[in-house]
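Here the structure is laid out as structure tokens; the discussion comes afterwards.
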Amino acid sequence: MGSLDEKTEGTISIEQEELRGISRSVGEIEWLLMIVVLLYHVFGGTAEDEKPVIVLAMVLYALCIMGFRYANFFKHESRWKLAVETWIMTAFITWALWNTGRLESPLLNTYLLVIITSALALGKLTTLLELALIGACIVFLGGQSSFDQVLSLKFAAGMFAQFAPFVLVAYITTMFASDIRYGLNQVKLLSETDELTKILNRRGFAIIADRLFGQAVRYNRPISLLLIDCDNLKPVNDTLGHKAGDTLLVAMVKGIQGQLRHTDVLARQGGDEFLVLLPETPAGGALDAAEKVRAAVESISLALDGKLVRTSVSIGVASYPADGSTLDLLLAHADRCMYQAKLAGRNRVFPPAEKPAASA
């Protein structure tokens, strides 16, 4: 049986991995914006008297990119950090536009890079806010001197012409991004779910168990682990076929689930072994839960190929901190206890619950 630490090593921070991937894409878009403005400047798009201001803007923007990307000011990626980067992009573009013709500048469409970045990295609501910010910048760049001018039909028509492409790109990009996220979530769900029983697989269990066990250690709270092994899956597979064995496992899982709380975590360890993590549960409570599971599975009877099939389970129990200070140690202890239950005749829990002393 593999180490839970090994299984969780690559899954401790899946969200961080996703954000790092998004952040790399954002970095490429930021440099692309820098290159576009630089090329416009180099090929004579900037008026002579505005060149020092544009150069200063590019230097400051490049320093911002390097600060966010390479100075390691941020130990962890976050969506707030990415949002701040889009605001800096917006400020840089607005500065460049102010000094290169304002709304007549060919650089006006570089706002699309901000919208694409937001749609890919930050979602629909943030992209809508980014659109509002860009709209305010366009009004500012238009140089309207009075409120009446801003409310005029002529201004509204001009704003629509300027702003419609940004809204269209925002809509299309957010739809694509939403579809991509949905697909990735489905893949993630499938990678963490057992195909047969629809409960967590080993990977999914490792992700949740690592977090719950860490909380138990941090706050000095009890937590227990059950290792459950089916006693007769192999004979059923050998005599009735694997389809019958699969039906038996599914029925067994339903029987186990009926005895668990909504906070308990059930997973298929592999083959006919199952794991149950019991948060806020000391040894005595874990033994009671294990006995209820054992009795529930024992009561299952299935008609398979005209034969009545019954099953049972052997369960090993381990509790933190008495039986181990890490998940791996708890799992190893539960494995030994389950083996002892097998040796003692199967269809039992080990260690056995202490019987109350007889009254005098």
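What follows draws every value from the coordinates through simple rules; no lab data is involved. Keep in mind the model is a prediction, meaning the values are calculated, not measured. All Cβ positions, glycine included, derive from the backbone under ideal geometry; neighbour counts span all protein chains shown.
In region 187-285, what chymotrypsin sites (Phe, Trp or Tyr not before Pro) fall in a loop by DSSP, with at most 10 other Cβ atoms inside 10 Å? Could the numbers behind the result be given before it?
On the way: sites: Phe205, Phe213, Tyr219, Phe274; in loops: Tyr219.
In loop regions of region 187-285 (DSSP not H, G, I, E or B), the sparsely surrounded chymotrypsin sites (Phe, Trp or Tyr not before Pro) are Tyr219.
Taking 0.36 nm per residue of separation and subtracting the Cα-Cα distance, what length does fully extending Val53 through His262 add? Mind dumping the intermediate values first?
Working: separation 209, 0.36 × 209 = 75.24 nm, distance 6.14 nm.
Gain in length upon complete extension: 69.1 nm.
Please list 3J(HN,Hα) in residue order for region 259-270, calculated via the Karplus relation 6.51 cos²θ - 1.76 cosθ + 1.60 where θ = phi - 60°; whole Hz, with x for glycine and proline.
Once θ is set to phi - 60°, the couplings for region 259-270 become 9, 9, 7, 5, 8, 6, 10, 9, 8, 8, 6, x Hz.
At 7 Å along Cα-to-Cβ for each site, give me the label-to-label distance between Phe43 and Ser191 in nm.
Going from the Phe43 label point to the Ser191 one covers 4.1 nm.
Just to verify a number: FRET efficiency for Val217 and Leu32, C-beta to C-beta distance, R0 = 51 Å, to 0.05?
On the way: r = 45 Å, r/R0 = 0.89.
Once the sixth-power term is evaluated, E becomes 0.65.
Which parts of region 193-214 would a label at Leu329 reach, counting a residue when its backbone N lies under 16 Å from a point 7 Å out along Cα-to-Cβ?
213-214
Could you work out how far the C-alpha centroid of region 202-281 sits from that of region 297-345, in angstrom?
9
Residue by residue through region 194-201, which ³J(HN,Hα) values in whole Hz follow from phi under the Karplus form 6.51 cos²θ - 1.76 cosθ + 1.60 (θ = phi - 60°), with glycine and proline marked x?
6, 5, 6, 8, 6, 9, 4, 8
On a full-extension model of 0.36 nm per residue, what is the gain between Lys124 and Phe163, subtracting their alpha-carbon distance, rounded to one decimal in nm?
On the way: separation 39, 0.36 × 39 = 14.04 nm, distance 1.73 nm.
Taking Lys124 through Phe163 to full extension adds about 12.3 nm, to one decimal.
What list do you get for Val84, Val317, Val36 if you sort them by fewest beta carbons within 10 Å?
Details: Val84 14, Val317 29, Val36 17.
Sorted ascending by nearby Cβ count, the order is Val84, Val36, Val317.
Met66 to Thr239: extension gain in nm, 0.36 nm per residue of separation minus the Cα-Cα distance? Please report the intermediate quantities before stating the final value.
Details: separation 173, 0.36 × 173 = 62.28 nm, distance 6.66 nm.
The span from Met66 to Thr239 would gain 55.6 nm if fully extended.
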